[in-house]
Each structure stands twice: as structure tokens, then as C-alpha cells.
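The next block holds one structure in the form of C-alpha cells; read it before the comments.
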Amino acid sequence: MMKTMRSSGLLRYQNRWGAVFVLPALLFFSVFNFFPILNALYTSLFQKKVLSLDPPEFIGLENYRYLLASSSFWNSLRATMVFTLGTFIPLLIVSLLLAVLISQRRFGRKFLQIAYYSPAVLSSVVAAAIWLLIFDPRGLANQWVNYIMRTPGVDHNWFSNAVMVQIAAMLVYFWKYVGYFVIIFIAGIAGIPTAMYEAARIDGATSWQCFWRITLPLLKPTVALVSIMSMLQCLKTFSTQYLFVQSGAPQAPINVITMNIYNTGIRDHRIGRASAMSIILFIIMLFFTWLQFKSMKTDEVTY
Amino acid sequence: MRKVLLLLVLILGMTMILGAGGNKEAEEGPVTLVFWTHEDPNRTEIENRYIEEFQAENPDITIQRVTNSSSKIIELVLTAFAANQGPDIFNLSIEDEYAYIANRRVAPVDPKAAGYGSLKELEAAYLPGVLDPVKVDGKIYGLPLELTNWCIYVNKNVFRDAGLDPERDYPKTWEEMADVSEKLVLRDGDIITRRGFDFRYPYYLVGMVPMVEQLGGKLISDDGKTAIVGEDAWIAFLDYMKDWGPNGRNLGSPTYKNARSLFNHNNNDVAMAHTGLYQQGRIKSDNPDFYNSGNWMVVPYPRFENAVEDVAAAYYGHYYMVNGQSSARKQQAAWKFISYMLSHGEEYLQKVNIIQPTKALMESDTFKNMPYSDVFMQDMERGHIVYYGENSAKIQELIKQAVESVMLSGVSSEKAYATLKAEVQELLDEE
């Protein structure tokens, strides 16, 4: 009895100090993450202009009603979804395949990892600036495609055609982040016990069978992590599209939600409406994350 | 646990109290003015000297000059003001600055502090109309750092290379502009390797709305209630742009590198560019040989053959403004300092190639001796200030979409006009 009382006292003591240590992180999260979300939710209920000194007018859900009736907002949703699906699915598949190929190599593994990862350390602005030169009508993109397709002098309108400009944005993003996810997959593959492959080989399994029966099922948690991370990053994409538009590309095809939020809040000064848009984006991101967790069932993996 | 929480609350409270105390203005003693402006190395050089001189004359005033890129500074100033932490002095383009006046975020000019006997005397020192964009209810809320208009720069070498005589064949009308560009353009298949002329695509209000006005159209009606006035004029303008683009005569496109930056290098890739007097300083620094060669010239903004109005490109201005939330003492010091800087109009013109539209400068030999200053002056008289309402940036974006939809996406001019009119009208109605 005495022993139980002592141990519960110790537990309380430890819990108390645990809470103290967690508190700074919790405070930091609350101030820099949770408060802005709540503040955006609150602001979205007002007609508020950034520079106005007048008290904002409470309009309830009017900003949401306006957005749901706005063709510009629906176009932004479309642009975001097209970009996300067109980028994160190839990102997931190609980074997984590249990770498997690199993991199987005996030589040059480190070099390939660095080579693929290097674009990820560039800022998005620098990456977009490099690709702006490539997609210039007289740039490398037209030259490569014309060389491969044997169509000299054809302008593929990378920035002027509505479809091409979306593909161009996806290409830049894919190039920038594929190496980042390759590294995560390589770390995941390294965690799979080699004994499993050895046992499979003894039983006569081919490389293809090893990939489908061992690598992929055991990588499920990593696949879930990468797919959620890449999807969330794609939903939040901004700088590539912003720089493309600044360089003369048409805005409508690549007017993703984040760019619409920026233009509404910073250019048009309508911070209430921009906040409503960011809350909708937050809900969309939350929903897709939940959906992916549900569909992946990541906790089912056991060695 | 409660004690820890109590301690944290106390620390937070103390920080807030101390933070609030830190903002309190001293009524006496030294004053520090925070001055935000866009990057311009030539201007930085002379303004840093003005700061040193001003501080020597006014030892109780310190100026902190902070520069940022011209695109970045728009959002930096905006977010700083949104948080009530705006700089004491700043400048932006009038299209971006007007909202600060409309929302009462800036202080009116103190004529006495600025060295004028009265507001009337101050107004009399400037060209007529140039202070109108910053004048509300008889008060003036800014003093012009620069007023810029654009004319057409011509590279004579490229004209001669195409067998043209630049002095005789330069385009006087927009129809000639397209025809001359057709003679100057070089292509590799569809890809243009040399352009005759190309527009300044992001700047539709400055460079393109005047084309519509020449044809009898308007951006906003005189009573401010109707948007995109004059269907025929707008459709004729959109037809012209459609014909200019890659699906028409393929003379240029927003996706090519802007002609103004290529012009200085004299690389036989562009013959004409639409830009301001400041370009001369840039040609001089980028390519002094070309600057001194006499192989470039400046000609007026063209007009349509069937123009009903003689309108040149709109001019735009950067105005120095003072934060209305700064203390009265700081505001006074700020206007004194701004006035000191602006008293060097001739040096700004010589070193930075920007025009401060005072009568004294316009009548000075320095201005008159600047190459082609007469062309710029005459075009300025034909033009008007750019549209600068609170929604100007959004309206510019909508015009961009309309022009690009006809040039690049094959949308008919009639449809693009209808969409533009509906969207701009919705903006006006929302105000």
C-alpha cells in the first residue's frame, strides 16, 4: 500500500515536470500555429480591409457565401486540384522507383542521392528563375522537345498555352522535390530487414516479386508519410505559380488557392475574404489527410 | 503546476506592459525616422549623402534608410501598416499608395516644415495637376519623388539592318507600328529571335488603356459608376492585340523577355522598347558604347490612324509619404527631411534620371539639355496620370486577363470585352 502511494506520488511528480518541459513547445505551437488559424477563422467572419482603421463589420458567413458563388474561387480550386493530382502522384511513384533503384546499387549511391536531392535545397524562387530561362520561347525546353520530336522552329508555348503552363508548373515542382522524397524512401527501405529478401531469394523470388511482396507492403508507413507530405505541399504551392505569372504567364490556368489568397489579401486588401479562403484550404487539407490515413491503414505493418 | 502557469502569465503580462511602454514617443530629445524605399543604387548613393548632410544640420534627427526590391516593398509596407508598425517615411507607386490616403494612414504635408510659406506656395512650385492624385479635401498627402512617362526608344542599328531608315520609317501610328515590326521581326519557325517592338505587358494601365482612349473608350466613366466604357473602342483594341500575338501576326507576346531590358545591350534582338527617361541612365551604365554611339533615339507614343483623342501613355508617380500614426514631432521632422532631399531635383535628374515635376526643374538647363527631354515633355502634356483608385491593381489584372485571353488563348475580342466589363463593373459596384 505504502509502495503504491509512493510510486503514484513519483508518477505525479514526473508528470508535472513532463508538463513543464512540454509547455514551451505547446506555447510556441499555440502562438505561431493555433492562434493564426483561430484568428483567420475569426477574421473570415468580418468584412475587413487591411489598411482600414475603421472597425471591421461582422458579416457572418457572407465571405464563404461569396466564395462559393465566385467563378474565380472555383477556378482556383480546379487549378489546385489539377496541380496536386498532376504532381503528387508522379512524385510518389517516381521517387519510390528511384529510391528502390538507388538502394539496389552498389556504387555511386551517395552521389545519386546528393544529385537528386540538390534541387530541394534551392529556394523555390531560384528554381523558378532557372526554369523561366528554360521555358523561354528561345530556351532549352523548346530546343529539347523540337530535337526529340524533329519539329524545328515550333514554339510549344510553355507559358502562353493554358495546358502547357500547368504542365510547366508541375515539371518545376516535380524536379524540385523528387529528390527530397527519394531520400525519405531510401531511409524507409533501409529499415526493412535484409533477412526477408534473403529468405525470398532462397525461395526463388524474382526482384519484381520482392518489390511487390516485400518492399512495397513494408514501406506502407513511409508511402503514407510521403503521400501526405507531398500532397500537403502541393496543395500549398505558391512561389512557382507566382513567379510564372510575374514573368508573363496567364494567371487563370495556374491561379492556385494560395495565389488567390495572396492576391485577395495583399493586392486587393480584402483580408476577411482571404481568411475565408485560407480556412477553406485548411479544411480541404485536413479532409485529404484524414482520407489518406483512413485508406492507408498504416498501423497494420508488422515485421 | 498552478504556480508555473501563474509565473508564465506574469512574464507574459510584464512583456506586454514593457512592450507597450517601449512604443511611447518621447516629446523631447533625439528623433529617429525610419525611411523605407525601393532599391536603386544611383538614388541610394545620393540619398545617403543627403542623410549625412541633413543629420549634420539637424543633430537631433537620425534617419534610418532601409531598401527593398520594388516588388517586395509593396507588401512589406502594407503588412507593416496592417500591424500599425509602418515606417515614418515611405514611397510607392501612386496606384499602390492611394489606398493609404483613402484609409487615412498618411499625414498631410506640413508646408512650414517642408520649407514653404503656405500650401498654395507649395502647389505653385509644382507643374499643374501633378499633386492631384495626392490631394484630398484641400490637403496634400505626398510629394513626388518621380513622375515618369514612357516614349518609344528606337535602336537605329536594327532598323538599318532591316533596310529601313530609322529617322524616316519610325512608326507614327499603331498600324505602322505593326507593319514596321513585321519588317523588323526575325523568326526561327514560330519562335521570334528579333522583335520590332513589344509592349510592357504587366503595365496595362500605363501603356494600353491610352490606346483604348485614343479610340474613344474609357476605363471608368466620368461619374465613376460605369466600367469599361465604349464597346467599339475596347473591341478594336483587343482585335489589335490579338493580331499582334502568336495566333495573329506573331510580332510579340508577354512570354518573351521584356523588350526594355534587352534594348540596352544592342544585341540585334529588339528594335523598339516602351520606357521612360530613366532608361538613358541604364543604357549608360549597361552599355556606355551604345549610349555614346548616337545609334538610338526616342520618338513619341503612336496613335491610331482613326484616333478620336490624342492621348499618350499615362504617367505614373512615386510620392514620398509620412506615416499618420507617427508622432507630430516625427511628422514635422519627416517633411523637413523629405523637402531637403527634394530640393536636389537637378541631381536626381542627372544621377538617377528621374523627373521631379517642379517648375524650377522643367525650366532648368539640366532638364532641357537631357537627350530627348522635349519628346518626353510633349508626350506628358498629351497624357494623364495613370488610374489610381483603390482597385487599380485588380483592374489591371482583369485587363491583363482580357488581353492575354485574346492573344494567347484564342478567345474572341467580343467575349473578352464582355467578361472584362462584367468583372470590373462588379468591382466598382462592390465599393
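The values are calculated or read from the model by the stated rules, or taken from the named source; none is laboratory data. Source: prediction; values computed, not measured. Ideal geometry is used to build each Cβ from the backbone, glycine not excepted, and the neighbour counts take in all protein chains shown.
General observations
Residues are listed down the side, and each one gets a yes or a no for (1) among the charged types (D, E, K, R); (2) surrounded by fewer than 20 Cβ atoms within 10 Å (Cβ to Cβ); (3) within 14 Å of chain A (Cβ to nearest Cβ); (4) in a helix (DSSP H, G or I):
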| residue | (1), (2), (3), (4) |
| --- | --- |
| B:Tyr348 | no, no, no, yes |
| B:Ile354 | no, no, no, no |
| B:Phe367 | no, no, no, yes |
| B:Phe376 | no, no, no, yes |
| B:Met380 | no, no, no, yes |
| B:Leu398 | no, no, yes, yes |
| B:Ala402 | no, no, yes, yes |
| B:Met407 | no, no, yes, yes |
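- Any hit, the stretch B:119-139, residues being out of contact with any Gly (no Cβ under 8 Å at 6 or more places or on another chain), among the hydroxyl-bearing types (Ser, Thr, Tyr), closer than 28 Å to B:Ser69 by Cβ and away from chain A (no Cβ under 14 Å): no
- Selected residue [outside the structural domain of B:Phe90 (by TED's automatic domain parsing) and at pLDDT below 95] from B:Asp188, B:Asp198: B:Asp188
- Scan of the stretch A:97-142 for residues that are hydrophobic (A, V, I, L, M, F, W, C), assigned to a loop (DSSP other than H, G, I, E, B) and touching a residue at least 12 places away in the same chain (Cβ under 8 Å), ordered by number: A:Leu122
- Taken together, B:Val270, B:Val229, B:Val206 contain a single residue that is among the β-branched types (Val, Ile, Thr) and surrounded by fewer than 22 Cβ atoms within 10 Å (Cβ to Cβ), which is B:Val229.
- Any pair with Cβ under 7 angstrom, 6 or more apart, that starts in the stretch B:322-343 at a residue that is of a type in the set (Val, Ile, Thr) and ends at one that is part of a helix (DSSP H, G or I): B:Val322/B:Gln331; B:Val322/B:Ala334; B:Val322/B:Trp335
- Odd one out for B:Gln85 among (1) assigned to a loop (DSSP other than H, G, I, E, B); (2) in contact (Cβ under 8 Å) with a residue 24 or more places away in the chain: (2)
- In the stretch B:74-86, the condition of being acidic (Asp, Glu), within 14 Å of chain A (Cβ to nearest Cβ), surrounded by fewer than 18 Cβ atoms within 10 Å (Cβ to Cβ) and under 27 Å from A:Val125 (Cα atoms) is met by at least one residue.
- When residues of the stretch A:253-274 are limited to those that are surrounded by 20 or more Cβ atoms within 10 Å (Cβ to Cβ), of a type outside the set (Val, Ile, Thr) and part of a helix (DSSP H, G or I), the one nearest to the other protein chains (Cβ to nearest Cβ): A:Asn263
- Residue ranges of helices (runs of 4 or more DSSP H) in the stretch A:143-243 with at least 3 members more than 28 Å from A:Lys110 (Cβ to Cβ) and not acidic (Asp, Glu): A:162-190, A:220-235
- Only a single criterion out of (1) buried (at least 21 other Cβ atoms within 10 Å of the Cβ); (2) hydrophobic (A, V, I, L, M, F, W, C); (3) more than 14 Å from every other protein chain (Cβ to nearest Cβ) is not satisfied by A:Leu122, namely (1).
- Among the residues making up the stretch B:147-198, those that are in contact with an Asp or Glu (Cβ under 9 Å, 6 or more places away or on another chain), touching a residue at least 60 places away in the same chain (Cβ under 8 Å), of a type outside the set (S, T, N, Q) and within 14 Å of another protein chain (Cβ to nearest Cβ) are B:Asp190, B:Ile192, B:Arg194, B:Arg195.
- Within the stretch B:184-236, the set of residues being among the aromatic types (Phe, Trp, Tyr) and under 19 Å from the mean Cα position of the chain (by Cα) comprises B:Phe199, B:Tyr201, B:Tyr203, B:Tyr204.
- Set side by side, the residues B:Asp243, B:Asp223, B:Asp232 differ, and just one is at negative phi and part of a loop (DSSP other than H, G, I, E, B), which is B:Asp223.
- Restricted to the stretch A:150-169, and to residues there that are surrounded by fewer than 21 Cβ atoms within 10 Å (Cβ to Cβ), in contact (Cβ under 8 Å) with a residue 12 or more places away in the chain and at the interface with chain B (Cβ under 7 Å from one of its Cβ atoms), the residue that is farthest from A:Phe244 (Cα to Cα) is A:Val154.
- For the stretch B:93-108, the criterion of being in a strand (DSSP E or B), at pLDDT below 95, out of contact with any Cys (no Cβ under 9 Å at 6 or more places or on another chain) and within 14 Å of chain A (Cβ to nearest Cβ) is met by at least one residue.
- Some residue of the stretch A:34-44 being surrounded by 10 or more Cβ atoms within 10 Å (Cβ to Cβ), within 12 Å of chain B (Cβ to nearest Cβ), at pLDDT 95 or above and under 21 Å from A:Tyr262 (Cβ atoms): yes
- Considering residues of the stretch B:24-40 that are touching a helix residue (DSSP H, G or I) at 6+ places or on another chain (Cβ under 9 Å) and not acidic (Asp, Glu) only, the residue farthest from B:Leu342 (Cα to Cα): B:Ala26
- Exclusive hit being touching a Pro at 6+ places or on another chain (Cβ under 9 Å), in contact (Cβ under 8 Å) with a residue 24 or more places away in the chain and of a type in the set (Ser, Thr, Tyr), set B:Tyr256, B:Tyr240, B:Tyr278: B:Tyr256
- Scanning the stretch B:140-174 for residues that are closer than 20 Å to B:Gln378 by Cβ and in a strand (DSSP E or B) turns up B:Pro144, B:Glu146, B:Leu147, B:Thr148, B:Trp150, B:Cys151, B:Ile152, B:Tyr153, B:Val154, B:Thr173.
- Within the stretch A:201-252, if we keep just the residues that are within 14 Å of chain B (Cβ to nearest Cβ) and under 20 Å from A:Phe181 (Cβ atoms), the residue that is surrounded by the most Cβ atoms within 10 Å (Cβ to Cβ) turns out to be A:Ser239.
- Given (1) under 30 Å from B:Arg195 (Cβ atoms); (2) under 17 Å from the mean Cα position of the chain (by Cα); (3) crowded, with 19+ Cβ neighbours inside 10 Å, index of the condition B:Tyr153 fails: (2)
- Odd one out for B:Leu251, checked against (1) without any contact (Cβ under 8 Å) to a residue 60 or more places away in the chain; (2) not in a helix (DSSP H, G or I): (1)
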